[in-house]
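Asker: Just dropping this structure here.
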Amino acid sequence: ITNKSLDDQRTEQEVPGLKLANPAVLPAPQKADANRGDYPELSPQKPAKPPHVHRGPSNLQIKAPRKDTRLKTQHDTIRDVEELVQADKVEKTEKSIISWRGALIEPDQSTEPPSTKLKEPERPSSVEAEDQKEPVPINERQLAVIEAFRHAWRGYKDFAWGHDELKPLSKSYSEWFGLGLTLIDALDTMWILGLKEEFEEARRWVANNLVFDKNVDVNLFESTIRILGGLLSTYHLSGDSLFLEKAKDIGNRLMPAFKTPSKVPYSDVNIGRGTAHPPRWTSDSTVAEVTSIQLEFRELSRLTGDEKFQKAVDEVMKHVHTLSGKHDGLVPMFINTNSGQFTHLGVYTLGARADSYYEYLLKQWIQGGKKENELLEDYMRAIEGVKKHLLQRSEPKKLAFVGELAHGHFSAKMDHLVCFLPGTLALGAHNGLAADHMKLAETLVETCYQMYAQVETGLSPEIVHFNLHAQKGHKDVEVKPADRHNLLRPETVESLFYMFRFTGDKKYQDWGWEILQNFNRYTRVPTGGYTSINNVQNPSNPEPRDKMESFFLGETLKYMFLLFSDDIDLINLDKYVFNTEAHPLPIWVPA
Ligand code: DMJ
């Protein structure tokens, strides 16, 4: 989620079949991550190798298709959820969490499909070694993703080149930071999809036109996950030091955000002036925002050998770890930059303003080689909190969903953003965490899919409300008029990707394929680009919003491409961890 307001939209109607909607109002906030304790010493990476940009994308080697796991029946699913909900009622004490420590890493609990568990001869993991592999043939669904990407890119190139976001209907652009956001967010996607020409052209823009010395306010979280994250992952994939230089530059310019009385960063930084400030109306920051910048800053320290980046973000995590105001590991949505305390206590969600806090707890733990116990503890405790307070079942299909808690009252509301959770749970289970996390992931990803399948266009709204009581003629999923927009978000496809990687069950690919087709049906603009829409319930007029978010290229299409691939070495999840904007960063101690 973003805090930005929508730019004024031009009302010119140029695209047959797509009608411009009234200016829409976007809901506000973002996501975040977690607490941390002791962290491994900074171990600066070896000096970067000479650039090898001319190498083709590392689309690795052909693997035997994995065995599909048994397809779960609806009955199995209901039983699993019942078990989980029951288990929640069983008292969960601090003790049980602590006892997980050390007992957690059980390779036998790994969710890797059987074929990948067979030990292969050790292969060197370096990028150079990947170079020598035969490229994997691209399958038809992946080709369809490439075609979609090219279509989106054409719109961006023709009407928004070098600007932040394409407005595909008005054939123009909008600026948020004025930093070519879509182009930077899309760099590693082009690399992974093998779009060499497009990549080289975008690289030239970065080399010649990307300048951070600008009097402009940027949001710390957004620019970290999209720009810093995008540059770092592109550096790793391409080996081109240009991207590391740019990453260092933006990283340094973001540092003033941490100069606050509490060291909890401000939300906004002027990257030209070196000043930072909170939003105009408050001195609070969003919890998710201040706790979901860690993967990127930690990696920047490792690459540069300059520990200031990691120190700053670690301080935030250590501080959040000790804070009171959590509810069985669940965190409030706001934190004050002066006092360092949580504010607006009593509201707990896995959606906007808290989401990536949970995601980054697990991912930092993985990034750092599974040594930082406080991160793991906080993650495990939070998932227990989710099960105890937020997990419910809908009627009539008894879909498991994650609702919200406000001052003791449960609300059956779920943001699409929450659909990152099945993927994160599956990633944790793959890394040896509790096996019931994988069960929960399976049930929740089914729900996220139903948030698409039960809606008229087959596209999910931004927010759904689940029915808790069976009513004749009512579906599980209800949509309020204010929530029926779709911003081309990635979370469900992201989770489908993880689920497919870890189970080999092709139903996840099929679900993703349906979603891609519905994006093509309802959001594709014939003259180039894709657009957010205002009404997922009206197939005859989905009311295009005239905006293509950068994460559609950075995340949604990338996860689609990876989902449709049977090659587990195409961004191997034992070597890379994706930041919350789908930019893969290396795991420091790969499995
Ligand atoms: C992206 O910027 C990131 O995934 C973020 O974590 C949440 N919002 C968007 C996508 O929905």
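The values are calculated or read from the model by the stated rules, or taken from the named source; none is laboratory data. This one's a predicted model, so the numbers in the text were calculated from it and none came from an experiment. Backbone-built Cβ (ideal geometry, glycine too); neighbour counts: all protein chains shown.
Asker: Pull out all pairs, ordered by first then second residue, where Cβ-Cβ is under 8 Å, the residues are six or more apart or on different chains, the first lies in the stretch 240-267 and is β-branched (Val, Ile, Thr), and the second is surrounded by fewer than 20 Cβ atoms within 10 Å (Cβ to Cβ).
Answerer: Qualifying pairs under 8 Å: Ile250/Phe212; Thr260/Asn338; Val264/His319; Val264/Asn336; Val264/Gly340.
Asker: Quick one: count up the residues across the stretch 179-206 that are in contact with a strand residue (DSSP E or B) (Cβ under 9 Å, 6 or more places away or on another chain) and of a type outside the set (Asp, Glu).
Answerer: Qualifying residue count for the region: 4.
Asker: Name the residue that is surrounded by the most Cβ atoms within 10 Å (Cβ to Cβ), counting only residues in the stretch 564-591 that are among the aliphatic types (A, V, I, L, M) and within 16 Å of the ligand (Cβ to nearest atom).
Answerer: Ala582
Asker: Look at the stretch 404-417 and say how many of its residues are more than 16 Å from the ligand (Cβ to nearest atom) and either hydroxyl-bearing (Ser, Thr, Tyr) or buried (at least 23 other Cβ atoms within 10 Å of the Cβ) (or both).
Answerer: 1
Asker: On the basis of being farther than 28 Å from Leu562 by Cα and outside any loop (DSSP other than H, G, I, E, B), does Lys248 make the cut?
Answerer: Against the criterion (farther than 28 Å from Leu562 by Cα and outside any loop (DSSP other than H, G, I, E, B)), Lys248 qualifies.
Asker: Considering only the stretch 278-289, state which residues are of a type outside the set (Ser, Thr, Tyr) and either without any contact (Cβ under 8 Å) to a residue 12 or more places away in the chain or under 24 Å from Asp185 (Cα atoms) (or both).
Answerer: Result: Arg280, Trp281, Val287, Ala288, Glu289.
Asker: Looking at the stretch 537-560, can you tell me whether even one residue there is small (Gly, Ala, Ser), outside any helix (DSSP H, G or I) and buried (at least 21 other Cβ atoms within 10 Å of the Cβ)?
Answerer: No, every residue in the stretch 537-560 fails to be small (Gly, Ala, Ser), outside any helix (DSSP H, G or I) and buried (at least 21 other Cβ atoms within 10 Å of the Cβ).
Asker: Among the residues of the stretch 454-475, write down those that are more than 28 Å from the chain's Cα centre (by Cα) and closer than 19 Å to Phe410 by Cα.
Answerer: Leu468, His469, Ala470
Asker: May I pose another question? Could we say that Phe243 is more than 16 Å from the ligand (Cβ to nearest atom) and in contact with a Ser or Thr (Cβ under 9 Å, 6 or more places away or on another chain) here?
Answerer: When the stated conditions are applied, Phe243 passes them.
Asker: Could you grab me the full set of residues in the stretch 154-164 that are closer than 18 Å to Pro544 by Cα and within 23 Å of the chain's Cα centre (by Cα)?
Answerer: Correct list: Tyr156 only.
Asker: What pairs come up if the first residue lies in the stretch 468-480 and is surrounded by 13 or more Cβ atoms within 10 Å (Cβ to Cβ), the second is of a type in the set (Lys, Arg), and their beta carbons are under 9 Å apart, counting only those six or more places apart or on different chains?
Answerer: That search, which allows pairs on different chains as well, returns Leu468/Arg393; Lys475/Lys397; Asp476/Lys397; Asp476/Lys398.
Asker: Looking at the stretch 516-558, which of its residues are away from the ligand (no atom under 14 Å from the Cβ) and β-branched (Val, Ile, Thr)?
Answerer: Listed by number, the residues that qualify are Thr523, Val525, Thr527, Thr531, Ile533, Val536.
Asker: Somewhere in the stretch 506-514, is a residue touching a His at 6+ places or on another chain (Cβ under 9 Å), more than 16 Å from the ligand (Cβ to nearest atom) and without any contact (Cβ under 8 Å) to a residue 24 or more places away in the chain?
Answerer: Checking the stretch 506-514: not a single residue is touching a His at 6+ places or on another chain (Cβ under 9 Å), more than 16 Å from the ligand (Cβ to nearest atom) and without any contact (Cβ under 8 Å) to a residue 24 or more places away in the chain.
Asker: Now for a different question. Which members of the stretch 462-486 meet the condition of being within 13 Å of the ligand (Cβ to nearest atom) and touching a Lys or Arg at 6+ places or on another chain (Cβ under 8 Å)?
Answerer: Matches in the stretch 462-486: Glu462, Ile463, His485.
Asker: Filter the stretch 258-297 for residues that are in contact with an Asp or Glu (Cβ under 7 Å, 6 or more places away or on another chain), under 17 Å from His321 (Cβ atoms) and among the hydrophobic types (A, V, I, L, M, F, W, C) and give the result.
Answerer: Correct list: Ala288 only.
Asker: Another one. Quick test of your reading of the structure: Asp566 fulfils all but one of (1) part of a loop (DSSP other than H, G, I, E, B); (2) closer than 18 Å to Ala426 by Cα; (3) in contact with a His (Cβ under 6 Å, 6 or more places away or on another chain). Name the failing condition by number.
Answerer: (3) is the only condition that Asp566 fails.
Asker: Continuing with the same structure: Scan the stretch 167-182 and give yes if some residue there is assigned to a helix (DSSP H, G or I), under 26 Å from Asp306 (Cβ atoms) and either within 16 Å of the ligand (Cβ to nearest atom) or at pLDDT below 95 (or both), otherwise no.
Answerer: Within the stretch 167-182 (the criterion being assigned to a helix (DSSP H, G or I), under 26 Å from Asp306 (Cβ atoms) and either within 16 Å of the ligand (Cβ to nearest atom) or at pLDDT below 95 (or both)), the answer is yes, since at least one residue qualifies.
Asker: Of all residues in the stretch 430-476, how many are closer than 13 Å to Trp511 by Cα and in contact with a Gly (Cβ under 7 Å, 6 or more places away or on another chain)?
Answerer: 1
Asker: Counting only residues that are out of contact with any Pro (no Cβ under 6 Å at 6 or more places or on another chain) and under 21 Å from Leu391 (Cβ atoms), which one in the stretch 487-502 is nearest to the ligand (Cβ to nearest atom)?
Answerer: Glu491
Asker: While we're looking at this one, here's another question. Go through the stretch 257-288 residue by residue and tally those that are in contact with a Leu (Cβ under 7 Å, 6 or more places away or on another chain) and within 16 Å of the ligand (Cβ to nearest atom).
Answerer: Within the stretch 257-288, residues that are in contact with a Leu (Cβ under 7 Å, 6 or more places away or on another chain) and within 16 Å of the ligand (Cβ to nearest atom) number 1.
Asker: Next question, about the same structure. Applying the selection to the stretch 324-364, what residues are aliphatic (A, V, I, L, M) and assigned to a loop (DSSP other than H, G, I, E, B)?
Answerer: Matches in the stretch 324-364: Val331, Met333, Leu345, Leu350, Ala352, Ala354.
Asker: Considering each residue of the stretch 165-187, count those that are more than 19 Å from the chain's Cα centre (by Cα) and at negative phi, and give that number.
Answerer: Of the residues in that region, 12 qualify.
Asker: List pairs: first residue in the stretch 395-422 and on the phi > 0 side of the Ramachandran plot, second residue outside any loop (DSSP other than H, G, I, E, B) anywhere in the structure, Cβ distance under 6 angstrom, at least six positions apart or on different chains.
Answerer: Lys398/Ile78
Asker: Looking at the stretch 324-332, can you tell me whether even one residue there is within 16 Å of the ligand (Cβ to nearest atom), touching a residue at least 24 places away in the same chain (Cβ under 8 Å) and buried (at least 24 other Cβ atoms within 10 Å of the Cβ)?
Answerer: Within the stretch 324-332, one or more residues are within 16 Å of the ligand (Cβ to nearest atom), touching a residue at least 24 places away in the same chain (Cβ under 8 Å) and buried (at least 24 other Cβ atoms within 10 Å of the Cβ).
Asker: Same structure again: What number goes with the only condition from (1) in a strand (DSSP E or B); (2) within 18 Å of Thr447 (Cα to Cα) that Leu585 does not pass?
Answerer: Of everything listed in (1) in a strand (DSSP E or B); (2) within 18 Å of Thr447 (Cα to Cα), Leu585 misses just condition (2).
Asker: Kindly indicate which of Glu377, Glu359, Glu372 is within 16 Å of the ligand (Cβ to nearest atom) and either closer than 30 Å to His469 by Cα or not aliphatic (A, V, I, L, M) (or both).
Answerer: Glu359
Asker: List the number of the failed condition for Trp281; all other conditions in (1) at pLDDT below 95; (2) under 27 Å from Trp205 (Cβ atoms); (3) of a type outside the set (Gly, Ala, Ser) hold.
Answerer: Just one mismatch for Trp281, condition (2).
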